[in-house]
1. All other residues with a Cβ under 10 Å from the Cβ of Arg586 taken together, and with Lys, Arg as +1 and Asp, Glu as -1, what is their net charge?
2. Choose one of Phe355, His399, Ser340: the residue whose Cα lies farthest towards the positive end of the charge dipole of the stretch 309-416 (beta-carbon charges +1 Lys, Arg; -1 Asp, Glu; about the Cα centre).
3. So if each residue of separation counts as 0.36 nm, and I subtract the Cα-Cα distance between Lys291 and Ser278, what length gain in nm does that give?
4. Would you work out which of Leu498, Trp540, Tyr482 lies farthest towards the positive end of the dipole of the stretch 425-546? Charges go on Cβ: Lys and Arg +1, Asp and Glu -1.
5. What size of dipole, in debye to the nearest 20, comes out for the stretch 437-574 about its Cα centre when the only charges are +1 on Lys and Arg C-beta atoms and -1 on Asp and Glu C-beta atoms?
6. Report, in deg cm²/dmol and to the nearest 500, the calculated mean residue ellipticity at 222 nm for the chain, where each DSSP H run with n ≥ 4 adds -39500 (n - 2.57) and the sum is divided by the residue count.
7. Provide the per-residue ³J(HN,Hα) series for the stretch 688-701, in order, calculated from phi with Karplus coefficients 6.51, -1.76, 1.60 and θ = phi - 60°, each as a whole number of Hz, with x at glycine and proline positions.
8. List every residue whose amide H lies under 5 Å from the amide H of Ile60, counting only residues 5 or more places away in sequence or on a different chain, with H placed 1.01 Å from N in the peptide plane.
Amino acid sequence: MKTNKNLSIMALMFILISAAISMSCNGHIAKTPEAVVSPSVKSARDLAGRIVPEQADNFIFEEIAKDNGKDVFELETLGDKIVVKGNNGVSMAVGLNWYLKEFCGRSVSLRGSNLDLPEKLPKVEGVYRKTSWAEHRYFLNYCAFGYSMPWWDWPQWERLIDYMAMNGVNAPLAVTGQEATWQAVCKRLGLNDDQVNGFLAGPPYLPFGWMGCLDGWGGPLSKGWIDNHATLGKKILDRERALGMTPIQQGFTGHIPKALSEEYPNAKINTVEWIEWSTDLLDPLDPLFQKISDVFMEEQTKLFGTDHMYAADTFIEMLPPSGDIDYLGNLSKAIYNGMSKNDPKAVWVFQTWTFLNQSDFWTQPRIKAFLDGSPDNKMICLDLYAEKMPMWNQAESFHGKPWLWCNIQNFGDKVFLGGGLDAINDGITEVKQDSAKGNLKGLGFVNEGLGYNPIVQDLMFEMAWRKESVDLEKWVDRYIVYRYGHENMNVVEAWNILEETAYGTPVDSWNEKSIISSMPTIKQADISIPYSQARLASAWENLLKGAEEFQEVDTYKFDLVNLTRQVLVNYALSLHKKMIQAYDKRNLKAFERVSEEFIKLCTDIDELLGTREEFLLGKNLEDAKRWGTTPEEKRNLEWNARRMLTLWGGPSGILNDYARKEWSGLISGYYKVRWEKFIEEIRKELRTDVPYNEVAFDDELMTWMDEWSSANDMYPHQPQGESVAVVKKLWAKYGQEILTLNQYEKN
């Protein structure tokens, strides 16, 4: 019995040792009980399960220490498994993304993904390791919450957060649900429901409220909206925190509801103006400033917790009420103190766009006075338009404050093909080497909308993990491989042309506009194309030649549709010039012929865009309406969605078409109709020789545009037709003609 007992003990020990050995091989954890898995490893595993579910078990995630305080990831092969190591969930997610791109030729993007992985994962020879020089990798502009994401639900947000993690974002702006914070603040300050409703704007306009630009426009918000978005905001924050991100929440700026002047008649309140709205700004020396800041911080922390980083922009595009140095310094101190009194670890994240937007006002002494309002290590400055109009070298490197080199890339989430790859590649490298750069601490991608140019996002995010600039031609060739799965000579030629043309210049007014989405005119349009349209058409031809190999690849189909769209809207500008020539010559037949071609082109582009969900007006409107619980609320949400895309603001039309979109449904139901109405007026003039009444027509058209916001006609919310087939049809109809156009000169 004694011998058997000893054998039993030895057998048990053998089993335990064997189990330990099976769990460890050369220092790698092959399988760890869920109870002892770190939160970072769990978050990375979960992400892999969402991104590559069929192969997720073939990835092993391990947590390692930072590399001299910097974020790091490593890749290596263990048997038939891929080991991804990182110092947190974000670094592991970046490692997974680089493995997919570098070793599998696969990729994830916001505009199509290519994730058909090989059954046997390619090996990593040795250890593949990258360290990020950028301490902070910021993402999202306030405006993106209005132009791209106002109607998103959790599945859409979950996809974006995964994308952010895989691209190394560790400091995302997080203001979803902020309306719940302000509702609680207003109630504590004694405001009633009507007064709160007068302050909170409609969903796509909320971020402009947080920046102090407007109050109430597009409201009111229902209780259901506020409650549901508080819940959504918490889910977003929980996921971002689990991955190791530091979400940036809202700070109190001094912007207050107008109704507070009635509740606190002795408070010193200034009025600031933005476009067609005015808002109230509390004086920094008024004791009410700290009181409201205290309430704001308490309520926000109670609802959402805190990660100690707060965005606060008082004068994003407004003139301060005073240029006095002391006033500006006191305001800055009040904003920072409002954060730090309640959170000693508070760091203020500040958009320096105001210095650029109101450059005549923001002299160097005023900039310095404002920036000096907080300690150097308690503020981070975002140089928003550094790829084209940097402020760091105009503002003495922000006087010692840590700052981030940022790229806007997209204004208003307009649909266009383009972006300055050289400006990103060279600009970041050059500023890192500049002895006058000051306290550069990272990068920021601050696009006003998520945009339609994934190549720009890929390069921008990768630069945070690269020590030097890339050979852009080779980098684009690499991009083609992981974007589509493998190389193809015609596709390579297409992208060589795209790098030279559409992606050769930073974003400016030229590549955001199209004549189709512009207000109708018989005068020369304020649109220029600084590359050869024939060259762009050649890129279209070459990309289409890759259809036999790539027609089932989602990323290819998106790029083909987007390139086709750009070529055709550029061609529309040529037709418009012919319309002007026919009008100037008083040639009715020629005008009718070319204007008919113009309208048919609009119809063709609308059909093309209808093949992709990314370009559907109907999808946007349905996403908006789903948040409503009553017919009245659904109508208001649809009004908000339509209004943001068109007039934006009031019937004055100052912001008209700022957030224009070349989308299926918006072209056929709005832009084309505008042109048809206008063309008919010109026809009448050419038939009768009686000049059309431009003022009367503009008033009539503005009335129709205003009414369109309140309409509820339906548009397809699911793709129709097959992208490649439609593109082939359009190439047969337009391709050779566009190739022969003499447009090497700037239009």
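1. On the way: positive: Lys585; negative: Asp584, Glu685, Asp689.
Local net charge: -2.
2. Ser340
3. Working: separation 13, 0.36 × 13 = 4.68 nm, distance 2.31 nm.
Gain on extension, Lys291 to Ser278, equals 2.4 nm.
4. Going by the Cα projections, it comes out as Tyr482.
5. Values: 13 positive and 20 negative charges, 95 e Å.
Once rounded to the nearest 20, the dipole reads 460 debye.
6. On the way: 28 runs with 347 residues, N = 747.
Helix contribution divided over all residues of the chain: -14500 deg cm²/dmol.
7. After applying 6.51 cos²θ - 1.76 cosθ + 1.60, I find 10, 6, 9, x, 6, 7, 4, 5, 5, 5, 4, 5, 5, 5 Hz.
8. Hits under the 5 Å cutoff: Ile82, Val83, Val84.
The values are calculated or read from the model by the stated rules, or taken from the named source; none is laboratory data. Here the structure is a predicted model, which means the values were calculated and not measured. Cβ: placed from backbone, ideal geometry, glycine included. Neighbour counts: every protein chain shown. The protein model used for the area step is the full one, side chains on, heavy atoms only, and it has no ligands, DNA or RNA in it. Shrake-Rupley method; radii C 1.70, N 1.55, O 1.52, S 1.80 Å.
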